[in-house]
Structures are given as C-alpha cells and as structure tokens.
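Enquirer: Sharing a structure with you now.
The values are calculated or read from the model by the stated rules, or taken from the named source; none is laboratory data. Keep in mind that what you see is a predicted model, and the values were worked out from it rather than measured. Heads up, the Cβs are rebuilt from the backbone with ideal geometry, glycines too, and the neighbour counts pull from every protein chain shown. SASA here: full protein model, heavy atoms, side chains in, ligands and nucleic acids out. Shrake-Rupley method; radii C 1.70, N 1.55, O 1.52, S 1.80 Å.
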Amino acid sequence: MKSPLLSLPGAVPAEGVDEGVAAHYGDLFREQRALADGTGFVDLSHRGVVAVTGDDRLSWLHLLLTQHVSDLPAGEATEALILSANGHIEHALYLVDDGTTVWAHVEPGTQEALIAYLESMKFFYRVEVADRTADTAVVHLPAGSITEVPEGVAVRQTPYGRDLFLPREELEAFADRAGPPAGILAHEALRVEQHRPRLGFETDHRTIPHELGWVGTAVHLQKGCYRGQETVARVHNLGKPPRRLVFLHLDGSEVHLPPNGAEVRLADDGPDGRKIGFVTTSVRHHELGPVALALVKRNVPVDARLMAEETAAAQETVVEP
C-alpha cells in the first residue's frame, strides 16, 4: 500500500519489504538525530494491521501466543510471537488492547497468513478477527516526543516511543503537525542500535526465540501451553540455542555495507574460512558509523574478530553464548 506521504519534499521510496513508504527524506543522519532527540515521526503505514474484538479476545489470544495476555491491562503495550509446532518463529505481533479491541501491527504482507491461522483457531470462542490495514496506518513517534495524539487513537507506549494506530484518512493531516518526517532507514538504524530483532530480517525458517533475545520480551516462560511451547521450555531448561544474535561494528573504510545474508567468518581463518553465521541487518548510524546485527554459531568466541564478506567486524554480545 503506497503512502500518500511519499509526496512530501525529498521523499525517496523504500524498496523490498518496506516498499510503500519513504526510505528517507533527503538526509539520513539528520533524520536519525531527530528521532534520537525525540522529534519528528516515522511513517509505518505499510505495516499490516490486525484487530481482534469480542469478549474472549484476550483469553483466546493467550492460548495462541507466546506472551501472557489473558490479563493484559487496557493501554499496556506488549509483543508476542506465533511459533510453528517445532518452535520456529512464524509471526511477530506488536500489541495493545484499548479496552474493546486488541490492535496489532505486523510485518508488511504477513497479515493475511496470520489472519488465516487465527481464523482456523476460533472454534467456539467469542472473537472476531479483521484485517484493518486498508483503513488504519501505523505511525511511530520516538521516545520523548511531545506530539499530541488524536483522541480515540489506540497507542502502544514502549521505551522506544509510541506506535499509533491512526485512521488512514487522517495520515496526511497528522503529518502536517507531527514535525519533520524520518524515513524507514532512520528507524532501522535506531532499531539495530537497540539490538531489537525484526521478523524476516533477523529470522529465517529455523529461528527460535532464544537465539534473538526474544525470551522475556515476547515469550513468557510461566504461562500455559501454546504451539511450539515444548521447544521453548526444552531449550530454556536443558540446553542452549544453536545460534546467537550479535551486534557488529563494521570497518568504516568500506564503501558498501554487507547485505542481508552476507556470510560471516572468523577473521583469522581468512576469506576461505568456514561460514559461522550471516548478517541480518546492516545500517549506517549517525554516531556509531556502519553497524549490523548478525546471527552466528553459539560457540563462536565472544572476543573473536569477524569478517562480514570482505568487511572487518568487531562483535558485541547481544545473546549470551
């Protein structure tokens, strides 16, 4: 879905999964600094929006999600996953209940598969699931923003800022008074700095929550059974995940960033060394320079020097080995 904010001065369209919103508005680092200072907003109107209503909405979702939501207070933000039977991550939901409706935003294009799964699990529960992407736009206000939120809009308040579920017809008017726009690249740069995983970037077909540090933030270990729960409990209680998320400081002399999927090797093994992981997201940060997130084998030493394709990289631990 193409955002009307692509008509704003300087807007350069994003590509790939984020197609439909602006990659930037002409000055990537200025936009990052504005968000870090708590000003401006990010147009996330390309993300899928799912709404769940009905008296049983929280108790029903509690049975399906990795998060404890049966007693979720109105207005309290949380995030949750849906796993496969083998414990692999299939969906990531960013939730808030406004007292009558659970609102969730999800990765662009994933809402149809998510809704199909939810519909298949309704049974006798008093719930209704709706795709609200066409009439609801997600807008992000950074932490510290004093921008006023329109009355009646559902808001996810997190340590990183506020996600608004805004009527799509109000998007342009809201943008006029919300301060300078920042593109998705600025939003991604801060996400990488904060070590926050993203479905489809930090995940592949076999990713489990423990590898990304999602246990605790999106996975509750003291709740009842849900699909994939056996794997979550077994890895938590009896073992370690096969891979771990790391934060990479990349050599700033390189012109090109290693792309998603770029092979990571031990620097001491040279360019023909064995692959020990891959880059998941790489960005240019306004203070840190070129940085990335990567998934590497759990037994890679935490002080090992790495290479992301041809780029030297120093690692910081995100998930403990």
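Enquirer: Out of all the residues in region 298-316, which are in a strand (DSSP E or B) and either open to solvent by less than 50 Å² (accessible area, probe 1.4 Å) or touching a Lys or Arg at 6+ places or on another chain (Cβ under 8 Å) (or both)?
Expert: Of the residues in region 298-316, the ones in a strand (DSSP E or B) are 306-308, 311-316.
Those that are in a strand (DSSP E or B) and either open to solvent by less than 50 Å² (accessible area, probe 1.4 Å) or touching a Lys or Arg at 6+ places or on another chain (Cβ under 8 Å) (or both): L306, M307, A308, T311, A312, A313, A314, Q315.
Enquirer: Taking the options V215, V192, name whichever one is within 29 Å of I276 (Cβ to Cβ), open to solvent by 40 Å² or more (accessible area, probe 1.4 Å) and β-branched (V, I, T).
Expert: Details: V192 fails: open to solvent by 40 Å² or more (accessible area, probe 1.4 Å).
None of the others qualify; the one that does is V215.
Enquirer: For L250, state whether it is among the hydrophobic types (A, V, I, L, M, F, W, C), within 14 Å of L81 (Cα to Cα), buried (at least 22 other Cβ atoms within 10 Å of the Cβ) and in contact with a strand residue (DSSP E or B) (Cβ under 7 Å, 6 or more places away or on another chain).
Expert: Values: among the hydrophobic types (A, V, I, L, M, F, W, C): yes; within 14 Å of L81 (Cα to Cα): no; buried (at least 22 other Cβ atoms within 10 Å of the Cβ): yes; in contact with a strand residue (DSSP E or B) (Cβ under 7 Å, 6 or more places away or on another chain): yes.
Against the criterion (among the hydrophobic types (A, V, I, L, M, F, W, C), within 14 Å of L81 (Cα to Cα), buried (at least 22 other Cβ atoms within 10 Å of the Cβ) and in contact with a strand residue (DSSP E or B) (Cβ under 7 Å, 6 or more places away or on another chain)), L250 does not qualify.
Enquirer: Looking at region 287-297, which of the residues that are without any contact (Cβ under 8 Å) to a residue 60 or more places away in the chain and surrounded by 15 or more Cβ atoms within 10 Å (Cβ to Cβ) is nearest to Q32 (Cα to Cα)?
Expert: Restricting to residues being without any contact (Cβ under 8 Å) to a residue 60 or more places away in the chain and surrounded by 15 or more Cβ atoms within 10 Å (Cβ to Cβ), the top hit is P290.
Enquirer: For the list (1) more than 23 Å from Y226 (Cβ to Cβ); (2) of a type in the set (A, V, I, L, M); (3) in contact with a His (Cβ under 9 Å, 6 or more places away or on another chain), I need the number of the one condition that V106 fails.
Expert: Every condition holds for V106 apart from (1).
Conditions tested, residue by residue: (1) open to solvent by 20 Å² or more (accessible area, probe 1.4 Å); (2) over 22 Å from the mean Cα position of the chain (by Cα); (3) over 30 Å from L6 (Cβ atoms).
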| site | (1), (2), (3) |
| --- | --- |
| H46 | no, no, no |
| V49 | no, no, no |
| S59 | yes, yes, yes |
| L63 | yes, yes, yes |
| T66 | no, no, yes |
| D71 | yes, yes, yes |
| L81 | no, no, yes |
| H88 | yes, no, yes |
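Enquirer: If you don't mind, there's one more thing I want to ask. Take A104 and tell me if it is open to solvent by less than 30 Å² (accessible area, probe 1.4 Å), at pLDDT 95 or above and either of a type in the set (A, V, I, L, M, F, W, C) or in a helix (DSSP H, G or I) (or both).
Expert: Values: open to solvent by less than 30 Å² (accessible area, probe 1.4 Å): yes; at pLDDT 95 or above: yes; either of a type in the set (A, V, I, L, M, F, W, C) or in a helix (DSSP H, G or I) (or both): yes.
Yes: the conditions hold for A104.
Enquirer: Further, regarding this structure: Taking the conditions exactly as written (farther than 30 Å from G144 by Cβ, surrounded by 19 or more Cβ atoms within 10 Å (Cβ to Cβ) and either free of Cβ contacts under 8 Å to residues at least 40 places away in the same chain or in contact with a strand residue (DSSP E or B) (Cβ under 6 Å, 6 or more places away or on another chain) (or both)), does R243 satisfy them or not?
Expert: Working: farther than 30 Å from G144 by Cβ: yes; surrounded by 19 or more Cβ atoms within 10 Å (Cβ to Cβ): yes; either free of Cβ contacts under 8 Å to residues at least 40 places away in the same chain or in contact with a strand residue (DSSP E or B) (Cβ under 6 Å, 6 or more places away or on another chain) (or both): yes.
The answer is yes for R243.
Enquirer: Here's another thing I want to ask about it. Check R284, R265 and return the single one that is in contact with a helix residue (DSSP H, G or I) (Cβ under 9 Å, 6 or more places away or on another chain), crowded, with 16+ Cβ neighbours inside 10 Å, at pLDDT 95 or above and of a type in the set (K, R). Outline the logic, then answer.
Expert: On the way: R265 fails: in contact with a helix residue (DSSP H, G or I) (Cβ under 9 Å, 6 or more places away or on another chain).
Every option except R284 fails the conditions.
Enquirer: Say whether the condition of being assigned to a loop (DSSP other than H, G, I, E, B) and on the phi > 0 side of the Ramachandran plot is met by at least one residue in region 258-279.
Expert: Yes, region 258-279 has at least one match.
Yes/no matrix, rows are residues, columns are (1) open to solvent by less than 40 Å² (accessible area, probe 1.4 Å); (2) farther than 27 Å from S84 by Cβ; (3) touching a helix residue (DSSP H, G or I) at 6+ places or on another chain (Cβ under 6 Å):
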| site | (1), (2), (3) |
| --- | --- |
| D163 | yes, no, no |
| P167 | no, yes, no |
| D176 | no, yes, no |
| A182 | yes, yes, yes |
| P197 | yes, no, yes |
| T203 | yes, no, no |
| R206 | no, no, no |
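Enquirer: Let me ask another. Taking region 298-315 only, how many residues are of a type in the set (S, T, N, Q) and either without any contact (Cβ under 8 Å) to a residue 40 or more places away in the chain or more than 29 Å from A23 (Cα to Cα) (or both)? Show your work before the answer.
Expert: Of region 298-315, the ones of a type in the set (S, T, N, Q) are 299, 311, 315.
From what's left, either without any contact (Cβ under 8 Å) to a residue 40 or more places away in the chain or more than 29 Å from A23 (Cα to Cα) (or both): 299.
Final tally of qualifying residues: 1.
Enquirer: Between I89, I184, I82, I146, which is on the phi < 0 side of the Ramachandran plot and touching a Ser or Thr at 6+ places or on another chain (Cβ under 6 Å)?
Expert: I89
Enquirer: From the list V127, V139, which residue is within 21 Å of A36 (Cβ to Cβ) and among the β-branched types (V, I, T)? Walk me through it before giving the result.
Expert: Details: V127 fails: within 21 Å of A36 (Cβ to Cβ).
Only one candidate passes the filter, namely V139.
Enquirer: Please verify whether V127 is surrounded by 15 or more Cβ atoms within 10 Å (Cβ to Cβ) and over 18 Å from F201 (Cβ atoms), treating the condition exactly as stated. Break it down stepwise before answering.
Expert: Working: surrounded by 15 or more Cβ atoms within 10 Å (Cβ to Cβ): yes; over 18 Å from F201 (Cβ atoms): yes.
Judged against the criteria, V127 is a match.
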